[in-house]
Structures are given as structure tokens and as C-alpha cells.
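**Student:** Sharing a structure with you now.
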Amino acid sequence: MGIKGLTKLLADNAPKAMKEQKFESYFGRKIAIDASMSIYQFLIVVGRSGTEMLTNEAGEVTSHLQGMFSRTIRLLEAGIKPVYVFDGKPPQLKSQELAKRYSKRADATEDLAQAMETGNKEDIEKFSKRTVKVTKQHNEDCKRLLKLMGVPVIEAPSEAEAQCAALCKSGKVYAVASEDMDSLTFGAPRFLRHLMDPSSRKVPVMEFEVAKILEELNLSTDQFIDLCILSGCDYCDSIRGIGGQTALKLIRQHGSIENILENINKERYQIPDNWPYEEARQLFKVPEVYADDNQLEIKWTAPDDEGLIAFLVNENGFNSDRVTKAIEKIKAAKNKSSQGRLESFFKPVASPTVPIKRKVCFH
Amino acid sequence: MLELRLVQGSLLKKVMEALKDLVNDANFDCSATGFSLQAMDSSHVALVALLLRSEGFEHYRCDRNLSMGMNLGNMSKMLKCAGNDDIITIKADDGSDTVTFMFESPTQDKIADFEMKLMDIDSEHLGIPEAEYHAIVRMPSAEFARICKDLSSIGDTVVISVTKEGVKFSTRGDIGTANIVCRQNTTVDKPEEATIIEMNEPVSLTFALRYMNSFTKATPLSNTVTISLSSELPVVVEYKIAEMGYVRFYLAPKIEEDEDETK
């Protein structure tokens, strides 16, 4: 998933590009959220014990609805304006990666059956989590829920991360929230991790700024994309024996994958046959996204009380009182999102003074 | 090398009390003009600007423009250890990672040194343009503090409107509504008790009371407060510090968005 080892690589080589932020500090901000990633997390975590999950009377899983409902309300209550972006058709290049995931799930299903036989609880939980797959129905359920809540939904033509990044680049949203680091490779100027984590985990939001990453790593955008491809992405294999750290060294030394391929020891490093790195690069640079305003209607509206009760309580067995209270929360939250931010009035300027404390450099 | 000696040490104590709840960490900037600070609260809704001009210090030495990152909670802890009549001196050496607060009792029989660690604070400095405000209200600071406190027991937000009639503070909450109107009043015994309203254009803005209440912590610094309002700008709540400078609080208004129309 995403770019292999990129978080650590950045923590080691571009620490200033990432900073911890309070969840609350994003009030009033429009944020694009990678919906599929969130739904996947909800299916793994929300209301699970062993293989048991939250279900409605018909026995259909409702963990994703519970998760989407409560986390979205948490965002709204903090004055954040979420836009959920759903995956469209995966790019051709991703089929290999998807096949891998499919076979992993198949393995896990077998392992799960075995664990169920032996009755090892830890294993049952572990393997059952690995069998989780976000289905079309899960996505449709969540879209319906969000629309009833008055939260905008965008269906990306292809990868959701790419669409999120495009929204952020064009200034339609302030930041992109996902757990998938390739949002950065797609060039999302500001990328947030852990925004959708449950509040009980008390993990601060980690904010990455692409401009600072490039500055700290001293790379161009193209070189950063090449670095991500070399580190290992969803679209093509990487070169065996080259991890993030080596990739960074090679990119700094040679400047591009082409030059690296000309210069590295081919005995030592096996380049995959017909390595589609150029196509992967193209996918990151010019992904298939909507740019037309008509296709991107981003509007937050009042929640549909009756619709929510019909969908959640009648169809999916949610507690009626809790849903009614939650709807009240959504309405109350609308008031909060009206608080303006100072940055909309005053612009940053360079500070006229220098710190008395000398910065210590460890390089 | 930096050495600032302030005879009226209690002033610094009051300044810290006014700021420490709004801002956790901030860079203090030191230049030939004076000792200043600009910082936003963590949610970037409110900003505080402090200026203590160099002329107000008994001794002021600052060789080059410097900034010192401090945790205001810790700084306040240390300054609380100074007596109200103490003379406070702020000292720091070039390249040092600490700042020293020296407290001298008025009779010079007790001298205390408190050394505090400095921090690296990555803060944004905002450019605040000089602006013509639609309305400027000057009123007793204790009166303003009382209004904010009273209204916050009813609601969360305050609408401040200035018209020819005067300045109106109103709120609305679950239990009901409240409106307080203050009229221009210059026929007072002491000038600081006057309420003076200068209005070029009527203006009405909504603010979160939580922040207003936090600003009123600066009330001990000045008998009067000046509130400047413009419809396109954050409100400025200013407490002048006699012969030294000011503490100014800026607060972004609440804005009703038209995109939030109901279905």
C-alpha cells in the first residue's frame, strides 16, 4: 500500500517537512478524505471481536456505516468540512498489485479457517482482519449515508488519492487526509495522516508539506516521483536490493531513473524485465482526475433527518435515540464551522529577527 | 547581548497573566525599538501583539535584532516568583540557549536569578496592515470585562453592533437572549470612565465569547480598552500600557456562509 518506507525515509531525511498538529486546529478547513481507505479501516476496527462484526437484522455488516457516521460527526463537530473521495476504476498498472492483495486475502481466508479449527483467538482475529475487503456495496452504503448527512461525495474517475491531490492543488480543499503515502507522490501540497483515527487513540495528526519535503530532500518534483517509484509503489515492482535510503542516494547522485539505470551495477541489482517505471511515473504526474468544476460539486448542506432515520434505524438496526442525538450534533456543528481564521485576513511575512539560540546542525 | 531593566516589574507579571492562557509558546522579538511579541492561539483564530517600547525601560541594551522562544506558562511561573515592587531585568547572551530573569527588591537587599531554557519555535509572523476602522469604541476596561463575562453565562457568541445609538453587545442561548447597549458618555469625573464612540459607518460582527473573555485577562494593564471594528477585518481589542506600549488582541469574526443554505 502506498510508498514503501516513505514515512521513515522522510522522518530521517526531511524531519522539518512533517509536524504534529492538533485535530482541533483544522476547524473551518475543507479537507479531502480518501473514503476507501477510511472504510477499510472501519471494517477492520469498528465493533469487531474475533470474526464477529456489527451487523443489521439481515446479517449484513454495518461497521463501515457506524464508523463513517461517528467519525464524520467528529470531524463536523470540530468545525472541519470533509469531502469524501471514492475510488473509481483502478489503473491498468495496478492490476498486479491488486492480484497480490487478492491472493493475500485468499491465503488469509485459508489461515482463518485453520485458526477457527484450532480455536486460537489471536490468530482468528489477526487473519479475519486480513480477509477484509471493501466491496461495492460498502462504498454505495457510505455514499448514501454521507449524502443524507449533507456531506459532499466525489467519485473519482480512477484513484481517489490522485483526485484528492488534484483538489488540494487547485485550492478547493486545504489538505488531503489518507493513510496512503502516495498522496504525496501525486503531489498533494498538504497531506494529513491519522486525521481519521479514533479519538480514543489520542494520536496527533501528522501534517506533511510537499514543498518542504522537496526543499529538505533537495529534489525536484520529478525526482521525488522517481524516488517513490524506486522505493516501491503500487504500480510497478521495485529493484531488488534498493530500498528508500539507497534510492534517495541514487537519485541525488544521478538525478533520474534513466541515469541510474545507465550507471548502476546490473550484476548486483536486477532490473525487472520490461520495467514499466515510465508508465508509473506518468500515472503519478498526470493521473486521471476530474478538473472541471461541474463534476466537482462541493457543498455542505443540512442533514436529512428522516432519510437518516429511515436508513440507519429502520434498515440497519441503529439505536433510534443515538441517531436522533447524532443528527442534533450535526446541526449544532454547522454553527461552529462559521468561525473565521486569521490567515484569511492577514498574510504571513518573514520575521524581522533571528533566533538568539543557535540552531544546532547534526548533518 | 541583551539586557532589559524594567523598574515597574509588576507590569511584566500582568502582561504574562494576560497572554499565557491564549498562547502556549511564542517568540519574543527584541530590537532597538523595543521588546515585542506576536503570536496566534493554537487554532489560529486569535492573535496577540505586545509591544514594550525601549524608552519605557530604565536600561535597554539589545545589540542586534533577536528572537527568543519561550513557553509562556513556564515564563509566568518564574515571573510569579517576583515581588510586585521588584525591579525585573531580562538578560541573555548571544548564542545562549537560556534567558535569565533577575528580580531585585526595591531596597536592594534581595536579588534573585531565574534562568529559563529557550525553545526553538517555528511560528508564522503575520503582516497586519494599517487599516481604517468603521467604528472605534473606547470604554472602561472593567466594564467591557463585565459585559463579556455576563454574556458568556447566556450564550457562546457575541454580536457587537455599533450604530448612532451606541454600541450594542448581544447574545442568544438556550435559556434566552441578552442585549447590553452602551451609549456615548463623556460627562464623567475621570476621563478613563468615559465611553467614546467614533463611527464612520455602522458595523455589526459576531465573535466567540470564549476568546473575548480570554482577552479581558489584560484588564489590570489599563483602565480603558479600545475596540476597533470593520466589517471585513478581525476586531482589535487594545489595552494601552502607560508610557510603554500596548497589548493588542485580534479576533477573526464568525462568518455565515451562503453555501450552507438548507435544502
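Here, each number is a calculation from the coordinates, and none is a lab measurement. Being a predicted model, the structure only gives us computed values, none of them experimental. Don't worry about glycine lacking a Cβ; one is built from the backbone with ideal geometry, like all the others, and counts go over all protein chains shown.
**Student:** Restricting things to Cα coordinates, could you compute the convex hull volume per residue of chain A in Å³?
**Tutor:** 179 Å³
**Student:** Moving on to the next point. Compute log10 of I(q)/I(0) for the protein assembly as shown with the Debye formula, placing one identical point scatterer on every Cα and leaving out solvent, at q = 0.10 Å⁻¹, to two decimals.
**Tutor:** Evaluating at q = 0.10 Å⁻¹ gives log10 I(q)/I(0) of -1.05.
**Student:** So which residue, out of A:L145, A:L312, A:L261, gets the largest mean-square fluctuation from a GNM of chain A using Cα contacts under 10 Å as springs?
**Tutor:** The residue with the greatest mean-square fluctuation here is A:L261.
**Student:** Let me ask another. May I ask you to derive the relative contact order of chain A, considering only C-alpha pairs under 8 Å and at least 6 residues apart, and to give it as an integer percent?
**Tutor:** Here the relative contact order equals 25 percent.
**Student:** Can you list the residues of segment A:246-288 with backbone N under 16 Å from a point 7 Å past the Cα of A:D12, pointing along Cα to Cβ?
**Tutor:** Residues A:246-253 fall inside that zone.
**Student:** Oh, and also: When a/c reaches 1.5 or more, the comparison of a/b and b/c decides; with that in mind, is segment B:86-207 rounded, prolate or oblate per its Cα gyration tensor?
**Tutor:** Note, shape of segment B:86-207 comes out prolate.
**Student:** Need one number: the % of Cα-Cα pairs in segment A:219-288 sitting beyond the 18 Å mark.
**Tutor:** Value for segment A:219-288: 29 percent of Cα pairs lie more than 18 Å apart.
**Student:** Dipole of chain A, Cα-centred, from +1 at each Lys and Arg C-beta and -1 at each Asp and Glu C-beta, to the nearest 20 debye?
**Tutor:** With only Lys, Arg, Asp and Glu charged at Cβ, the dipole is about 1580 debye.
**Student:** Can I ask one more? Within segment A:179-268, list the trypsin sites (Lys or Arg not before Pro) lying in a DSSP loop whose Cβ has at most 13 other Cβ atoms in a 10 Å radius.
**Tutor:** Filter output for segment A:179-268: A:K202, A:R240, A:K266, A:R268.
**Student:** Related question: Label segment B:2-117 by shape, choosing from rounded, prolate and oblate, from the square roots a ≥ b ≥ c of the eigenvalues of the Cα gyration tensor; if a/c is under 1.5 it is rounded, and otherwise prolate applies when a/b is larger than b/c, oblate when it is not.
**Tutor:** Note, shape of segment B:2-117 comes out prolate.
**Student:** So, with +1 on the Cβ of K and R and -1 on the Cβ of D and E, and no other charges, what is the size of the charge dipole of segment B:135-251 about its Cα centre, to the nearest 20 debye?
**Tutor:** 160 debye
**Student:** Be a star and scan segment B:93-130 for residues whose amide nitrogen sits under 11 Å from the point 7 Å along the Cα-to-Cβ vector of B:K77.
**Tutor:** Once the point is set 7 Å along Cα→Cβ of B:K77, B:117 turn out to lie under 11 Å by backbone N, inside segment B:93-130.
**Student:** Go ahead and set up a Gaussian network model of chain B, Cα springs under 10 Å, then flag whichever of B:E192, B:E238, B:E124 fluctuates most.
**Tutor:** So, out of B:E192, B:E238, B:E124, the one fluctuating most is B:E124.
**Student:** Let me know the volume per residue of the alpha-carbon convex hull for segment B:134-263, in Å³.
**Tutor:** Measuring per residue, one finds 123 Å³ for the Cα hull of segment B:134-263.
**Student:** Here's something else I'd like to know. Let me spell out the model: positive unit charges on the Cβ of Lys and Arg, negative unit charges on the Cβ of Asp and Glu, origin at the Cα centre of segment A:207-305. What dipole size does that give, in debye rounded to 20?
**Tutor:** That gives a dipole near 760 debye.
**Student:** With springs only between Cα atoms under 10 Å apart, run a GNM on chain B and tell me which of B:L11, B:L72, B:L118 wobbles the most.
**Tutor:** B:L118
**Student:** Right, something else. Count charges around B:A32 for me, please; just the other residues with Cβ under 13 Å from its Cβ, Lys/Arg as +1, Asp/Glu as -1.
**Tutor:** Around B:A32, the surrounding residues sum to 0.
**Student:** Can you give me the orientation-averaged projected area of the convex hull built on the Cα atoms of chain B, in nm²?
**Tutor:** Result: a mean projected hull area of 17.0 nm².
**Student:** Next up: Looking at segment A:229-270, which GluC sites (Glu not before Pro) are DSSP coil and have at most 14 other C-beta atoms within 10 Å of their C-beta?
**Tutor:** In loop regions of segment A:229-270 (DSSP not H, G, I, E or B), the sparsely surrounded GluC sites (Glu not before Pro) are A:E267.
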